[in-house]
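Data block below; observations after.
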Amino acid sequence: MKIGEIVSASVLGGLYATLQLENPEDLRIAYPVIVEGKTYDFYCMVEDILNEESEIAEQLAGCAMGNVIVPTGETHEGFAGPIFYSKAKLRPIQLIEKKNRKLSEPQTIPPYFSECRHATKEDVELIYHPTAKSATIGSITGVEPFYVQLDFEKLVEKPFAIYGRTGVGKSILNKLLCCAILAKKAGSVLIFDMHGEYGVYSNTDNTEGLKYYFPHDVEVFSLDPENAEARQFVLEPEFIEPDDLVVALNNLSDQMVDMIYQIDREKGQKDLITAIRTLDSANLDESKMHPATAQALQRRMSRISRLPFIRKGGGKDAFGQLMAVIKQGKSIVLDFGEFGTDSTVYLFLANVLARRLFEQYTEMNEQFPRLIVFLEEAHRFLAPAVSSYTIFSKLARETRKFNLILAIVDQRPSQIDQEVRSQVANRLVMSLKEPSDVESALAGVPDRAMWQNIISTIPPRTVAVIGDAIRIPTVIDVMPYKDIEVREHILGTGAWTADKEKDLASKADEVFGKGSEQPQPLGKPK
Ligand SMILES: Nc1ncnc2c1ncn2[C@@H]1O[C@H](COP(=O)(O)OP(=O)(O)O)[C@@H](O)[C@H]1O
Ligand SMILES: [Mg+2]
């Protein structure tokens, strides 16, 4: 359907179309639109929609005769066209050569009065054609919903980031990404699951977790000894290093930081935690360590010293088990149980684990399977003040060649060290409002001003994907996280799990009234 005509154009500045829609509300920002040039179809995205200022409009506003005399919309086209029309600013994204459907970069403009129309499924399919390792996380709005393909092999080759305000759907998007990564066998994932969202079912909204879809490819470890469905996670205290404490206990004074390193140097056979706890602060050599500082440090440390999962594993080093699972190419969900609300625990544990992983991946000669580490609240590790102590900034910079890939998930991109942010190859940006965050999330992106407008106006559950995992930067409506959608669009029909079969069988039994005494399969917690 024709929606308008091009009235001005510039390669650098974009195209302006006057609209022949009765109601400008029928068009929205980021809709795909085709401008029919002579040689090319210009595949464009709506960048802005505007009603320009006009003197007549101002005079007519509020006037009772307005409705009678004002010709609007496409039905009132006279010699001079309608007096009042809306305009759309269009940003050409790709040129599609009419005769052979070849794609190229938009380096030219269409003639005056070129027709604009909504993009069709065929237009869109040409741009986002599927590859062996591509899957979808959602659709473009505009015409009919069209499921956009992302290349997951490319996505997990280099560090990537997911940015967006709290509550806009980052965790759900993460789950979709993880499902696609596992379904396409592009790698395995390590998730620090603070809120119990990724195991079999999410504790927060009851949606299916990774272990639900991939019961054999995902292992759940838990800090919570009560969690019977997971393996116990025990951290051996001798693996704890000064940096881990500095990151976890943020805002330590310089004296305390120095003291931690000093104690570490002098700790002898003890582990660091025990060495700090057992420091006799009353009898210190004051020229080397100040008693008040030591006491303050011990107070700050008491939370960590008491963590029940830091203990000698009795030969059951959880990290060893974790590595064994990783070497088999499986994914890991580390469930924080009751410690999920304690950011000290998260900072501490994520850092210890990532450091040991980094050591394993970089020191060993053998090649480990590709592992993508999802780091929520990344700014807590990657703020300029702490990033030198954490392994994560190194992980962002150095590990591509080691198959250990960092996925940053964050609501405050402006608080992440600029140097780390710049390592990110693909960005999945959801709604952000704080101007500094919008700017940081999009630093270095071509057409940044346009993207800033988009990111500050898009609704929740919408994501702009920018990078080499997608053919062109695209705003995607994240698909509803529903079992049926995930199966249809990400897993394909082949991924029918044994659990699901049992589940269905039991439902059939319910319907037909049989087997009521049979054990119930894994069901949704009420
Ligand atoms: N794609 C989606 N499908 C279904 N529900 C969603 C989707 N995205 C977000 N939601 C809903 O919004 C809530 C918040 O999303 P969440 O991913 O937890 O946000 P964030 O991690 O950004 O704080 C979820 O509990 C869920 O109910
Ligand atoms: Mg979240």
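List of remarks:
- When the range 169-278 is reduced to its Cα atoms, the Kirkwood hydrodynamic radius in Å: 16.8 Å
- When exposed loop sites are taken as GluC sites (Glu not before Pro) in a DSSP loop with at most 16 other Cβ atoms within 10 Å, the longest stretch of the chain clear of them is 367-516.
- Loop trypsin sites (Lys or Arg not before Pro), the range 179-269, which have at most 14 other Cβ atoms in a 10 Å radius of their Cβ (DSSP): 185
- Net charge in the neighbourhood of residue 383 (other residues with Cβ under 11 Å of its Cβ; Lys, Arg +1, Asp, Glu -1) is -1.
- Applying a threshold of 31 Å to the alpha-carbon distances of 99/133; 288/401; 185/270; 98/133 flags 288/401; 185/270 as lying beyond it.
- With helices as the sole contributors, the chain gives -8500 deg cm²/dmol at 222 nm; each DSSP H run of n ≥ 4 counts as -39500 (n - 2.57), and the sum is divided by every residue.
- Alpha-carbon radius of gyration plus Dmax, which is the widest Cα pair, for the range 239-305 in Å: 10.7, 29
- Largest to smallest principal axis extent of the C-alpha atoms in the chain, angstrom: 96, 71, 51
- Rounded tilt (10° steps) of 448-457 against the dominant C-alpha axis of the chain: 80 degrees
- Seen from residue 198, the other residues with C-beta closer than 9 Å to its C-beta sum to a net charge of -1, counting Lys and Arg as +1 and Asp and Glu as -1.
- C-alpha long axis of helix 318-327 to longest principal axis of the chain, angle in °: 40 degrees
- Prolate/oblate/rounded call for the range 393-437, Cα gyration tensor, a/c under 1.5 rounded: prolate
- Annotation: amide H of residue 134 within the under-5 Å range of 152, sequence separation 5 or more or interchain, hydrogens built in the peptide plane.
- Residue order, fewest to most surrounding Cβ atoms within 10 angstrom, among 388, 134: 388, 134
All of the numbers you see were taken from the coordinates with simple rules; none came from a lab. Note that this is a predicted model, so its numbers are computed, not measured. All Cβ positions, even for glycine, are placed from backbone atoms using ideal geometry, and neighbour counts span all protein chains on display.
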